[in-house]
Each structure stands twice: as C-alpha cells, then as structure tokens.
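> One structure, pasted below without further comment.
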Amino acid sequence: MGRRIHANIMKYIRGTLISNFGNFYAVAIGTLLVTFLPMLPRQLLLLNLLSDFPMISLAFDKVSEEELAEPKEVHPHGLYTTIITLGLVSTIFDFIFFALFFQRGAGVLQTNWFIASVLTELLLVFSIRSMMPAWKSGVPSGILTGLTLIGMAAAIFLPYFPMTADFFGFQPPAFQDLLLIFLMTLLYGMSNEIVKKPLAKFLVKHQTLS
C-alpha cells in the first residue's frame with residue numbers, strides 16, 4: 001500500500017510541475033510577442049480547473065505490479081531532470097500552438113490555445129503515470145479515465161455555447177482548427193513517449209529514477 005501511495009504521489013508531482021513549467025514560459029514569453037493577452041485570466045483558471053480534477057483522481061489510480069515489486073526512493077535530481085526535460089517538450093508545443101494561431105487575432109488564439117492546453121495537459125497525465133512506455137503502465141483507473149474525458153469534452157464544447165463563450169471570452173473554433181489541434185495533441189503525446197524512453201534509461205543509469 002505504501003508503494004502504491006508513493007507511486008501515485010510521484011505521478012501527481014510530475015504531472016503538475018511539467019504542465020505548469022510549460023504554461024508559465026509559453027504564456028510569459030507569448031505576452032511579449034503580441035499586444036493582447038495570449039490567454040485571459042478566466043481562461044487560465046478554467047484550464048487549471050479542468051486539468052486538476054483528473055490530476056486529483058491520480059490518488060485512486062492503479063499501479064503496475066512491476067512498479068510495486070520493490071521500494072522506490074525519491075531522488076530530487078532525477079525529479080528535476082524529468083520535470084525540465086518533459087517540461088521543455090510541453091513548452092515547445094505551446095509555442096507551436098502559439099505560432100499557428102497568433103496572427104489570426106486575440107479571440108482565435110485564446111480559444112484555440114486554451115483547448116490545446118487542456119488536451120495536452122490531460123494527455124500528459126497518462127504519459128507520466130510511469131516512466132515506462134504508456135502501454136506498459138497498466139490500465140488507468142475508471143475515475144481517472146472518466147474525469148479526463150469529461151475535461152476534454154468541456155474544453156472542446158464550452159466555446160460553442162453562447163453563455164460560456166461570452167463569460168470566458170471564447171470564440172467558437174473552426175472545424176479545421178479543431179482537427180489541427182487534435183493532430184498536434186497526438187504528436188505531443190508521441191513526442192513525450194519518444195523523449196521518455198532515453199530519459200528513463202538515463203535516470204536508471206544514474207540511479208535517480210523516482
């Protein structure tokens with residue numbers, strides 16, 4: 001039980017810090033490049049709300065038997081390396097989304113970047129469940145999967161409802177924009193898995209895998 005709790009705590013720490021690392025630098029630098037806010041404060045709060053519910057449910061997530069086979073230690077250097085490495089991947093994709101939409105005005109950028117941020121953060125949850133490949137990390141808990149799907153659906157459909165669109169400052173995205181966001185989200189997930197493989201080997205070699 002202790003090993004299971006430890007594993008789920010580390011999932012939450014990795015997921016929260018990696019996503020915040022990417023968002024912080026992307027929004028801060030993006031603000032210097034345009035004359036409007038890349039994402040409104042209300043949109044940022046909603047982004048955190050939609051991503052935090054699945055993150056909290058990691059407390060009830062399943063842990064693979066391979067991870068439970070022996071006790072794990074927390075190695076700060078390994079944790080920092082993981083956060084910085086995968087955080088840079090997140091930042092790079094944030095800038096890609098910014099570059100795709102910033103020339104089309106504030107409403108388009110803010111809405112599309114909001115949707116992309118929610119989808120990538122929620123997809124990240126499944127990638128950081130383990131430093132093993134995602135398909136070897138075991139089946140996630142039902143509550144984690146359910147809350148993730150709800151969060152993704154809310155991010156996609158809220159801009160289309162006039163009341164929520166007006167309140168949060170959304171502009172209904174074009175269908176081709178959604179397709180582009182979905183494609184880039186899948187590429188982000190694949191990139192995480194590609195980067196995670198040599199990162200895991202490096203951490204094991206230096207005995208800093210947490």
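> Nothing charged except the Cβ atoms of Lys and Arg (+1) and of Asp and Glu (-1): what's the magnitude of the dipole of region 65-146 about its Cα centre? Round to the nearest 20 debye. Walk me through the intermediate numbers first.
Numbers: 4 positive and 7 negative charges, 78 e Å.
Computed about the Cα centre, the dipole is about 380 debye.
> Report the net charge of residues surrounding Gly142, where surrounding means a beta-carbon distance below 13 angstrom and charges are Lys +1, Arg +1, Asp -1, Glu -1.
Values: positive: Lys62; negative: Asp61.
Around Gly142, the charge tally is 0.
> Let me ask you something else. Divide by every residue of the chain the summed helix terms, -39500 (n - 2.57) for each DSSP H run of at least 4, and state the resulting mean residue ellipticity at 222 nm, rounded to the nearest 500 deg cm²/dmol.
Details: 8 runs with 154 residues, N = 210.
Result for the chain: -25000 deg cm²/dmol, rounded to the nearest 500.
> Let me ask something additional. Tilt of helix 76-101 relative to the longest C-alpha principal axis of the chain, in degrees (0 to 90, nearest 10)?
For helix 76-101, the angle is close to 20 degrees.
> Anyone know which of Gln171, Gln43, Gln103 comes out most mobile in the 10 Å Cα GNM of the chain?
So, out of Gln171, Gln43, Gln103, the one fluctuating most is Gln103.
> Given Cβ point charges of +1 (Lys, Arg) and -1 (Asp, Glu) and nothing else, what value in debye, to the nearest 20, does the dipole of region 51-105 about its Cα centre take? Show your work: numbers first, answer last.
On the way: 3 positive and 8 negative charges, 87 e Å.
Approximately 420 debye in magnitude.
> Still on this model: Which residue fluctuates the most in the chain, going by a Gaussian network model with Cα springs under 10 Å, if the choices are Ala155, Ala99, Ala200?
Ala99
> Does region 91-189 classify as rounded, prolate or oblate by the C-alpha gyration tensor (a ≥ b ≥ c root eigenvalues; a/c under 1.5 gives rounded; else a/b over b/c gives prolate, otherwise oblate)?
Working: a/c = 2.85, a/b = 1.57, b/c = 1.81.
Cα axes put region 91-189 in the oblate bin.
> For helix 2-33, what angle does its Cα long axis make with the longest principal axis of the chain, in degrees from 0 to 90 and rounded to 10?
30 degrees
> Treating only the Cβ of Lys, Arg, Asp and Glu as charged (+1, +1, -1, -1), what charge dipole size does the chain show about its Cα centre? Round to the nearest 20 debye. Numbers along the way, then the final one.
Details: 14 positive and 12 negative charges, 76 e Å.
For this selection, approximately 360 debye.
> Moving on to the next point. How far is the Cα center of region 97-150 from the Cα center of region 155-210, in Å?
Spelled out, the Cα-based centre of one part sits 3 Å from the other.
> Given (i) 7, 23, 27, 23, 14, 5, 1, 0; (ii) 7, 28, 37, 18, 6, 3, 1, 0, 0; (iii) 8, 35, 34, 17, 6, 0, which label gives P(r) over Cα pairs in 10 Å bins from 0, in percent as computed from the coordinates?
Recomputing P(r) over Cα pairs in 10 Å bins from 0, in percent here picks out (iii).
> What's the angle, to the nearest 10 degrees (0 to 90), between helix 106-127's Cα axis and the longest principal axis of the chain?
10 degrees
> Select from Val118, Val139, Phe182 the residue farthest towards the positive end of the dipole of the chain; place +1 on Cβ of Lys and Arg, -1 on Cβ of Asp and Glu, and compute about the Cα centre.
Val139
> Work out the charge dipole of region 39-118 with +1 on the Cβ of Lys and Arg and -1 on the Cβ of Asp and Glu about the Cα centre, then indicate which of Gln103, Met55, Ala69 is farthest towards its positive end.
Result: Gln103, furthest along the dipole toward the positive end.
> Next question, about the same structure. Considering only C-alpha atoms, what is the centroid distance from region 3-42 to region 51-91, in Å?
Taking the Cα centre of each part, region 3-42 and region 51-91 sit 15 Å apart.
No value in this document is a laboratory result; all are computed from the given coordinates. All figures in this text were calculated on a predicted structure; none of them were measured in a lab. Backbone-built Cβ (ideal geometry, glycine too); neighbour counts: all protein chains shown.
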